[in-house]
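What follows is a single structure, written as structure tokens, with notes after it.
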């Protein structure tokens, strides 16, 4: 009797497997999926950029909106929320360790390449005498690669001026004596 039960179970599994294989075969014959020749996600480029690229002209990136007028109404708490995207690469606490990016404690008005022991790019080291004032931070946060060509920072930038202002207000708060507002 045990052999008969085993045979029934084995035949049920075999039948289910054959039905599944047959269903797959039939569905491939009935449906013809479209498989693209190139497996990639296409990014649409706005016409103005496409025309500039087609003409071979290297257009200078537009300067971001000035942040100074927005700082008076900026919200450091909202900036802390924006900074969550930065936390993957940067630390914010006083005396915090450098990560992939440098620690950002007391960054406002600090010189470029300010963090001791961090491996900055040559482009960033060349700006060591220049401070990270509000507008320098604004331009860099809007588009790091355009602001300092050669920077190691692989971040596309923050497009909204209000988000940049809030982030800069948060970075300003990361100091024992925050820099005065412009």
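Nothing in this text is a laboratory measurement; each read-out follows from the coordinates by a stated rule. Predicted model only: the values in this text are computed from it and were never measured. A quick note on method: Cβ atoms are made from the backbone with ideal geometry, for glycine too, and the neighbour counts reach across all protein chains shown.
Couple of notes before you dig in:
- Rounded to the nearest 0.05, the FRET efficiency derived from the C-beta distance between residue 35 and residue 11 at R0 = 41 Å is 0.65.
- Helix axis angle, 2-30 relative to the chain longest principal axis, alpha carbon, degrees: 60 degrees
- Tilt relative to the chain, helix 161-173 - C-alpha long axis, 0 to 90 degrees, to 10: 70 degrees
- Pair residue 160, residue 89: separation of 7 Å Cα→Cβ label points (nm): 2.1 nm
- With the alpha-carbon atoms of the chain aligned to their principal axes, the span from lowest to highest coordinate is 89, 52, 35 Å, starting with the largest.
- The Cα center of segment 125-141 and the Cα center of segment 21-37 differ in position by 57 Å.
- Zone residues, segment 154-182, relative to residue 116, backbone N less than 19 Å from point 7 Å out along Cα-to-Cβ: 175-177
- Diffusion constant of segment 73-173 at 37 °C, which comes from Stokes-Einstein with the Kirkwood Cα-pair radius and 0.692 mPa s, µm²/s: 243 µm²/s
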